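Engineer: Structure provided below as structure tokens; questions to follow.
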Amino acid sequence: AVQTRESGGGWLSDLLARASFDDAPQPPRAAARPVGTTGALDSLTLDVARMVDNAAVAELWRRYQRGEKGGLFGRRLYTPQGHQTFEEIRRRYRVDQEFRGTVDHYVRHFEELLVETSRGDRDGSKALDLLTGDAGKVYTMLGHAAGRFE
């Protein structure tokens, strides 16, 4: 069963805490699954992917790839539930050192995978596919909440 914010409040941190990030990122097979995701992380990925607007995230990353930086990450990126989750992640990131470490670890691993994916990706399409896939949406929300894109 997919947990929601209403069913415990700490579902996101529980899933992040249980997710294993110990494996080095693997080169993408279909440019959609970083870090050998399984179990709890798959559940987290699906939950967060539903909270990010598909069209908005694709446009955001296209603009980011073109060099735009300011004002791209905003409220329209998320569904109403997604915005609540974003705010919860941002708050927890600021006050919970263990949670912050887990988020930072995920973000670093995804970025390593993104670098690997980008090698030989002349038009940026493989990187864009990775960023707009479910795992990329998790990266977007976690990185945004961590202040990584400001």
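The values are calculated or read from the model by the stated rules, or taken from the named source; none is laboratory data. What you are looking at is a predicted structure, and each value in this text was computed from that prediction instead of being measured. We place every Cβ from the backbone using ideal geometry, glycine too, and count neighbours over all the protein chains shown. Calculation scope for accessible area: heavy atoms of the full protein, side chains included, ligands and nucleic acids excluded. Shrake-Rupley method; radii C 1.70, N 1.55, O 1.52, S 1.80 Å.
Rundown of residues vs (1) open to solvent by 70 Å² or more (accessible area, probe 1.4 Å); (2) touching a Ser or Thr at 6+ places or on another chain (Cβ under 9 Å), yes/no style:
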| site | (1), (2) |
| --- | --- |
| 50 | yes, yes |
| 60 | no, yes |
| 66 | yes, no |
| 80 | yes, no |
| 99 | no, yes |
| 113 | no, no |
| 127 | no, yes |
| 146 | no, no |
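Engineer: Say whether the condition of being of a type in the set (Lys, Arg) and closer than 16 Å to residue 48 by Cα is met by at least one residue in segment 81-91.
Structural biologist: Looking for residues that are of a type in the set (Lys, Arg) and closer than 16 Å to residue 48 by Cα, one finds at least one in segment 81-91, hence yes.
Engineer: Separate question: Pairs only if they're at least six apart or on different chains, beta carbon under 8 angstrom, first in segment 50-76 and under 10 Å from residue 132 (Cβ atoms) and part of a helix (DSSP H, G or I), second at pLDDT 90 or above and of a type in the set (Gly, Ala, Ser); list them, first residue then second.
Structural biologist: Here the result reads 57/136; 61/136, each pair linking segment 50-76 to a residue that is at pLDDT 90 or above and of a type in the set (Gly, Ala, Ser).
Engineer: Within the set of pairs 6+ apart or on separate chains, which have a first residue in segment 114-138 that is within 27 Å of residue 89 (Cα to Cα), a second that is among the polar types (S, T, N, Q), and C-beta atoms under 6 Å apart?
Structural biologist: Final answer for the pair search is 127/117; 127/118; 130/117; 134/45; 135/45; 138/45.
Engineer: I'd like to verify a number: residues in segment 115-150 that are under 12 Å from the mean Cα position of the chain (by Cα) and either in a helix (DSSP H, G or I) or small (Gly, Ala, Ser) (or both), how many?
Structural biologist: 17
Engineer: Which numbered condition trips up residue 21, out of (1) at pLDDT below 85; (2) in a loop (DSSP other than H, G, I, E, B); (3) loosely packed, with under 15 Cβ neighbours inside 10 Å?
Structural biologist: So residue 21 meets the others, but not (3).
Engineer: Residue 27 is checked against (1) at pLDDT 80 or above; (2) of a type outside the set (A, V, I, L, M, F, W, C); (3) open to solvent by 70 Å² or more (accessible area, probe 1.4 Å); (4) closer than 22 Å to residue 128 by Cα and fails just one. What number does that condition carry?
Structural biologist: Result: residue 27 fails condition (1) only.
Engineer: Quick one: count up the residues across segment 37-73 that are modelled with pLDDT under 85 and closer than 16 Å to residue 149 by Cβ.
Structural biologist: Residues meeting the conditions: 3.
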